[in-house]
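Undergrad: My questions will all concern the structure given below.
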Amino acid sequence: MFAPILVFFLIFKYYPMLGLVIAFKNYRFTDGIWGSEWIGLDMFKLIVHTSQLLDIVWNTFLLSGLSIVAGFPAPIILALLLNEVRRAWYKRTIQTFIYLPHFLNWVIIGGIVITLFSQSNGPINLWLDRLFGYTFPFLYNETSWVAIFVGSGIWKEAGWGAIIYLAALSSIDQSLYEAAGIDGANKWQQITRITLPGILPTVFIMLILKIGQLMEVGFDQVYVLQNNAVAKTAEVISTFMYKIGIQQAQFSLATAMGLFEGLVGLVLVVTANTIARRFGHGLW
């Protein structure tokens, strides 16, 4: 039964990785992958010694790190709140509304965000103008742009991420809550002493996976929301690879950046798992 899955991964996941050899070559269409000149680690040296590329790596770490710090607790909190709702119809209604953004494309979400925060005719700036007599360039100020980037990501994915924690919550023995109630534990004590420890293994697994994606800022979200005014902060590895790889045909440099991104992600996953194993909650 596992054979078709294994074949799928071998053909569509591992076989294409042979193309990573482009990162070590001066790739040209006319010479092909194997006929192009071998240049070794030149592309990686270019990444390390070019200030612009280091800034792009830093932007990737910054945006992804802030998304994890601010966004990782959001689905846990949502799951805990939903778990306390006792009216089934109300719970289903809330779940529908918070799950819905996940199914919308980032082009749609980006359009909504840009419309809301537009300086010329956005509703938020219209209110600011009426109340205080001025508008604010939310999308053209680096600090506010980062806040909007992180906030829109949380709004889109927090509800969907809560599904995993709700499943973990359903596996907790309800008799523990009954015993705690008899012993006089209030709701907060039940959450801190029973609920959170009960979902802790799931939290650790999800955190390890998130840390592994620290270098993978979503291309769609950044590309839709970025503009020239915030390019110094909004340019990340994924958008840089698109611009130099697809638009400028610098395939070797783009591949080197992608390989660098993957290797850093691997190191982060292994490190996070090693730390988690010390607490008895490792992924492997």
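Rule-based calculations on the coordinates, nothing more; no lab input. Treat the numbers as computed from the prediction; the structure is a model and nothing was measured. Here the Cβ positions follow ideal geometry from the backbone for every residue, glycine too, while neighbour counts run over all protein chains shown.
Undergrad: With θ set to phi - 60°, apply the Karplus curve 6.51 cos²θ - 1.76 cosθ + 1.60 along the stretch 157-162 and write out the HN-Hα couplings as whole Hz, x wherever there is a Gly or Pro.
TA: 10, 4, x, 5, x, 5
Undergrad: In addition: Compute the Kirkwood hydrodynamic radius of the stretch 168-231, taking the inverse of the mean of 1/r over all pairs of distinct Cα atoms, and give it in Å to one decimal.
TA: Working: mean 1/r = 0.0662 Å⁻¹.
Result for the stretch 168-231, one decimal place: 15.1 Å.
Undergrad: Let me ask something else about it. Set Lys and Arg Cβ to +1 and Asp and Glu Cβ to -1, take the dipole of the stretch 38-278 about its Cα centre, and tell me which of PHE97, ILE109, VAL270 lies farthest positive.
TA: Checking the options against the dipole of the stretch 38-278, the answer is PHE97.
Undergrad: In addition: Give the lysines whose C-alpha is closer than 26 Å to that of LYS91, dropping any in the same chain fewer than 8 places away, or say none.
TA: In chain and number order, the partners are LYS156, LYS187.
Undergrad: Could you run the Karplus curve 6.51 cos²θ - 1.76 cosθ + 1.60 with θ = phi - 60° over the stretch 87-96 and give me ³J(HN,Hα) per residue in whole Hz, x for Gly and Pro?
TA: 7, 4, 5, 5, 5, 5, 5, 4, 4, 4
Undergrad: Could you tell me the relative contact order of the chain? Use alpha-carbon pairs under 8 Å, at least six residues apart, and round to a whole percent. Write out the running numbers ahead of the final one.
TA: Values: 279 pairs, mean separation 72.7, N = 284.
About 26 percent, as a whole number.
Undergrad: Once you sort the root eigenvalues of the Cα gyration tensor of the stretch 93-200 as a ≥ b ≥ c, which label holds: rounded (a/c under 1.5), prolate (a/b larger than b/c) or oblate (the other case)?
TA: Working: a/c = 3.52, a/b = 2.37, b/c = 1.48.
Prolate.
Undergrad: Taking loop as defined by DSSP and a crowding limit of 16 other beta carbons within 10 Å, which trypsin sites (Lys or Arg not before Pro) in the stretch 47-125 fit?
TA: Details: sites: ARG86, ARG87, LYS91, ARG92; in loops: ARG86, ARG87.
Those that pass, being in a loop and sparsely packed, are ARG86, ARG87.
Undergrad: Sticking with this structure for a sec: Once amide H atoms are built 1.01 Å from N in the peptide plane, which residues 5 or more positions from LYS25, or in another chain, come under 5 Å H to H?
TA: Here ILE39 satisfy the definition.
Undergrad: Something else about it: Which residue, LEU268, LEU214, LEU196, has the most motion in a Gaussian network model of the chain that connects Cα atoms within less than 10 Å?
TA: Among LEU268, LEU214, LEU196, the largest GNM mean-square fluctuation belongs to LEU196.
Undergrad: What is the mean projected area of the alpha carbon convex hull for the stretch 89-150, to one decimal in square nanometres?
TA: On the way: hull surface 22.8 nm².
The orientation-averaged projected area of the Cα hull of the stretch 89-150 comes to 5.7 nm².
Undergrad: What does the charge count near VAL57 come to, summing +1 for each Lys or Arg and -1 for each Asp or Glu among other residues with Cβ under 11 Å from its Cβ?
TA: Values: positive: none; negative: ASP55, GLU235, GLU261.
Charge balance in the 11 Å sphere: -3.
Undergrad: Separate question: Near the amide H of GLY282, under 5 Å away, which other amide H atoms are found, from residues 5 or more places off or on another chain, if H is placed in the peptide plane?
TA: Close amide H contacts, sequence-distant or interchain: ARG277.
Undergrad: Would you please put 257-267, 130-140 in order of how densely packed they are, using the mean number of other Cβ atoms within 10 angstrom per residue and starting with the highest? Please report the intermediate quantities before stating the final value.
TA: Details: 257-267: 17.1, 130-140: 12.8.
For the peptides 257-267, 130-140, the packing ranking is 257-267, 130-140.
Undergrad: Quick one: net charge around ILE22, please, counting Lys, Arg +1 and Asp, Glu -1 for every other residue with C-beta under 15 Å from its C-beta.
TA: Values: positive: LYS25, ARG28; negative: ASP31, GLU37, ASP42, GLU261.
Value of the local net charge: -2.
Undergrad: Please turn the phi angles of the stretch 62-67 into ³J(HN,Hα) values with the Karplus equation 6.51 cos²θ - 1.76 cosθ + 1.60 (θ = phi - 60°), one per residue in order, whole Hz, x for glycine and proline.
TA: 4, 5, 5, x, 5, 5
Undergrad: Sequence gap at least 6, Cα distance under 8 Å: using those rules, report the relative contact order of the stretch 78-147 to the nearest whole percent. Display every interim value, and only then the final one.
TA: Numbers: 38 pairs, mean separation 11.3, N = 70.
Here the relative contact order equals 16 percent.
Undergrad: I want the local charge near SER238. Using Cβ-Cβ distances under 11 Å, sum +1 for each Lys or Arg and -1 for each Asp or Glu among the other residues.
TA: Numbers: positive: LYS243; negative: GLU216, ASP220, GLU235, GLU261.
Overall, the nearby charge balance is -3.
Undergrad: Quote the convex hull volume per residue of the stretch 38-278, based on C-alpha atoms, as a whole number of Å³. Before the final figure, lay out each step's value.
TA: Numbers: hull volume 41.4 nm³, N = 241.
Value for the stretch 38-278: 172 Å³ per residue.
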